[in-house]
Amino acid sequence: MTTLRTLSLSALLLAAGTTEARADVGGATPRLAMQAETGKGAASPKLESGTPFTAAYIVEHWRLHPDSPPLENTPSAQAPGYVAKKLVVGASAGDLKLPGASEMSKKLQRILEAMKANPALKNVRGVSLGQGVALGMSRGGPMEKGIAGKTYLMAFPLRLEDKSTVHRTDGTYYTPGEGDSLNVVVNDPSLLETTPEVLGTYNGHSVVRVGSGLGVVVLNTKRPLTVTVNTPRGPQQELNPDLMDASRPPADIQMLVAYLGSGTPTWNDLARGNVSPTSGPGRLLGALFTMDWKTLVTQKAR
């Protein structure tokens, strides 16, 4: 069920902190031995820039074990998570009337469904999933070169011992609180810094620095992401100011940025190899780096 509602984009950009589930005692499901060959932390394989790709062991886990049960042997980790069914599309009343807005909303919803079908996020346990779609620029302002928007999934850790945890009639659980999010932003170059830090490629996608973590950029254009600019410090690569082509249909996805919205502690844990592949951030990272984003950005209107 999809509901169109007038909301500001900022109201839908939820804070992405982390919430650790307290350890439970007991549980009958044996722990799955994780024997990925990929190194962790400083031993992680490196991208072309020399930056360690610290999510490699998580990606390898989901490639080898697409039907992986939770690695943590606790009731909370084993509990089936609720997946939100109602979807609110947030946008200003004016944005909803723009040419291409309805079509872009449908494209973002199809991206969202593809994310939920990813092995790392399908039939989740240990977390519940929230979802959303919004139209508009992340930092506000007019959409002058195509319809911009965002879709996201948030993973909320389950804590069965928490009195606020809800046990739903379908057998799933939801614990209110904070969570990490997998964010997908389209046609909004302003999300990137003036000098995007392209670290290398993985799974055919450009890996970039987004905040304190990593993300991917996928282009559906022949225009380059960056251009060479002469500065007092010498030539440097800066975000192409003409990346977006205003002559294209407004609902064309010309660029996509996908990234994990999370607090610094999660990235620090990842750098040490301490993020479980079946935790909330582990599942989101698994999806982030295994999704076929290129197919999704070239989808046709339906």
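Okay, helix-only estimate at 222 nm for the chain: each DSSP H run of n ≥ 4 adds -39500 (n - 2.57), divide by all residues, round to 500 deg cm²/dmol; what do you get?
-5000 deg cm²/dmol, from helical runs alone.
Lys106: which lysines have alpha carbons under 25 Å from its alpha carbon, excluding same-chain residues fewer than 8 sequence positions away?
Output for Lys106: Lys85, Lys86, Lys97, Lys116, Lys122, Lys145, Lys150, Lys222, Lys294, Lys300.
How much net charge surrounds Val207 when only other residues with a Cβ under 13 Å from its Cβ are counted (Lys, Arg +1; Asp, Glu -1)?
Spelling it out: positives minus negatives among the neighbours equals 0.
Can you list residues from other chains, or at least 5 along the same chain, whose modelled amide H is less than 5 Å from the amide H of Leu71?
Residues meeting the amide H criterion: Thr278.
Determine by what factor the alpha-carbon radius of gyration of region 54-130 differs from 2.2 N^0.38 Å, reporting the quotient.
So the Cα radius of gyration is 1.47 times the expected 2.2 N^0.38 Å.
I'd like the distance separating the alpha-carbon centroids of region 196-235 and region 65-140, in whole Å.
If you average the Cα positions of each part, the centres end up 26 Å apart.
Quick one: Karplus J couplings for region 222-227, per residue in order, coefficients 6.51, -1.76, 1.60, θ = phi - 60°, nearest Hz, x for Gly and Pro?
Rounded to whole hertz, the list is 8, 6, x, 5, 10, 10.
Between Ala43 and Ser212, what length in nm is gained on full extension when 0.36 nm per residue of separation is reduced by their alpha carbon distance?
Net length gain for the segment: 58.9 nm.
Along the positive direction of the dipole of the chain (beta-carbon charges: Lys, Arg +1; Asp, Glu -1; about the Cα centre), which of Asn73, Asn123, Tyr202 reaches farthest?
Asn123
Among Lys85, Lys150, Lys222, determine the one that fluctuates most according to a GNM of the chain built with springs between C-alpha atoms less than 10 Å apart.
Top of the fluctuation ranking is Lys222.
For Arg63, Arg159, what's the fewest-to-most ordering of other Cβ within 10 Å of each Cβ?
Arg63, Arg159
Rounded to the nearest 5, what is the percent of antiparallel bridges among the DSSP beta bridges in the chain?
In the chain, DSSP labels about 85 percent of beta bridges as antiparallel.
When the convex hull of the Cα atoms of the chain is projected onto a plane and the area is averaged over all directions, what value comes out in nm²?
Mean shadow area of the hull around the Cα atoms is 16.7 nm².
Any idea what log10 I(q)/I(0) is at q = 0.11, 0.17, 0.22 Å⁻¹ for region 87-208, Debye with uniform C-alpha scatterers and no solvent?
Calculated log10 I(q)/I(0) at the listed q: -0.50, -0.99, -1.24.
For Pro250, what charge total do you get from the other residues with a beta carbon under 9 Å from its beta carbon, if Lys and Arg give +1 and Asp and Glu give -1?
Local charge sum for Pro250: 0.
Around Ser92, which amide H atoms from residues at least 5 apart in sequence, or from another chain, sit under 5 Å from its own amide H, with H modelled in the peptide plane?
Long-range HN contacts for Ser92: Leu7.
Every number in this text was worked out from the coordinates using simple rules, so none of it is lab data. If you're wondering where the values come from, they're calculated on a predicted model, not measured in any experiment. Positions of Cβ are generated from backbone atoms using ideal geometry, with glycine treated the same way; all protein chains shown enter the neighbour counts.
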